[in-house]
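First up is the structure itself, then whatever we jot down about it.
Values in this text are rule-based calculations from the coordinates and carry no lab data. Values in this document were obtained by computation on a predicted structure and should not be read as measured data. Here the Cβ is made from the backbone with ideal geometry for all residues, glycine too, and neighbour counts use every protein chain on show.
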Amino acid sequence: MAHRRQIPDSLRRQRFGWYMYDWANSAFAVTILAALFGPYLDRVVVPAGGWTPPVPGMGALSSTSLYGYTLGLSALFVLLSSPVLGAIADSGHTKKRFLMFFCGLGSSATVLFFFVGPGDVGLALALFFVANFCFVSANVFYDAFLPHLATPDEQDDVSGRGYAYGYAGGGLLFILHLLLVQFHAQLGIADTGLAIRIALSSVGLWWGGFALVSFRRLVEIRVKAPSRSPLALAREGFRRVLQTSRLAGSLRQLLLFLLAFMIYNDGIQTVIAMATIYGSEELGFDTLTLMGCLLMVQIVGIAGSRLFARIAARIGTKRAVLLSLVIWTGVVVFGYVMTQPYEFWILGGIVGLVLGGSQALSRSMYSRIIPAAASAEFFGFFSVFEKFSAIWGPLVFAILRQTTGSSRLSILALVVFFIVGGALLSFVNLERAQRDSEQMGKTLAL
């Protein structure tokens, strides 16, 4: 009988610090991206007839379109910046510093949501752009620690535990937000709008505050190197990106995985980002229904992320992800025909089971097929594919909503992403991809 590897106390401490960053930043994913910001933008900030951006020739846009365009634009900026920043972090061994910088800036922008009131559309979108850009950018460097914290056979479990911590932390703060919004009068808060602004702002305090635990525990080995100017570091970053791009271009299995991930993740990210504003604007569900369902997603997600780690241990990581994509296909079809609040609750339970599992296993699968010594750079590329997909999902959703006047076709269109992404993933040979990664690691070390 095989024995589990004894984990040194120092590694256990670092892993806990890594888990706690997921605990910290998942509050942004839950309360800002999935729950409150979209409906608040729709019902309070944006006027009833829509808002016209200060762009010549552009007419009034609905809250859904504004949200989708801003989300897509922030993802585009991540796409352009993350590979170079990742290469700089690897060459200078500064993953932790980049993580701290983007966490600090993003959490500060989130705190400022408190000052967004009715009609403050420009301010709301600007803060959302900065906060989301920093949230995603910080995750590049957070994810890059995974290959250094777990062996390949441990990464499904460690990645899944990170998501479980995230669901627990995000869910706990979300419970407090539910209570705040529901019982604001008893707490001496004048109206629901003020309660929501307090909730939005508190996410920044939670994110930045608990991240301090991560910053104290995560250790990155610093290598003494000659002091270089920011311009020299940028040049080194571009040089490494070009070198890695040439090498990665010959790795068919890695590119096939990234292409598959880009497509199916487009569907996942769009469901996460647009679910509550779809329920608010298209279906007319009240805020309490939307928030209560999302709380259930967090609670179920804790078990779901651990469940899929066990499923992966039995049937393999790739098959477990493919299983989740079949379930995701059913989710969006059900979302298209859904009309009643109780159906939204059913859908939320299913999403909770597959959400953490599909994302955690995708992260650990990718972590196993990249060189650990260049993890920040490669997770920068991972973020490019992740956010390139995140550009098109919300944009397609926004365009279809704007042209058809309904969000239902936008939901149904996501079926294509899950089917095509799953088909491509089925052709990925993980064993060959790991061998190619080892060879690339030796080449980069020369």
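Odds and ends about this structure:
- Under 5 Å between amide hydrogens, built in the peptide plane, is the criterion, and for Leu61 it picks out Trp51, Thr52 among residues at least 5 positions away or on other chains.
- Shown is the FRET efficiency for Leu194 and Leu172, computed with R0 = 22 Å from the Cβ-Cβ distance and rounded to the nearest 0.05: 0.50.
- Förster-model FRET efficiency, 45 Å R0, Ala372 and Leu187, C-beta, rounded to 0.05: 0.40
- Full extension of the chain segment joining Phe129 with Thr403 gains 96.2 nm, where the gain is 0.36 nm per residue of separation less the Cα-Cα distance.
- Rounded to the nearest whole Hz, the Karplus-based 3J(HN,Hα) values (6.51 cos²θ - 1.76 cosθ + 1.60, θ = phi - 60°) of the stretch 194-209 follow the sequence 5, 4, 5, 4, 5, 5, 4, 5, 5, 4, x, 5, 5, 4, x, x, with x at glycine and proline.
- Candidates per trypsin sites (Lys or Arg not before Pro) in the stretch 120-225, loop by DSSP, up to 11 other Cβ within 10 Å: Arg222, Lys224
- Were the residues from Gln6 through Leu212 laid out at 0.36 nm apart, the gain over their Cα-Cα distance would be 71.5 nm.
- Label-point gap, in nm, between Ala60 and Phe115 - each point 7 angstrom along Cα→Cβ: 2.8 nm
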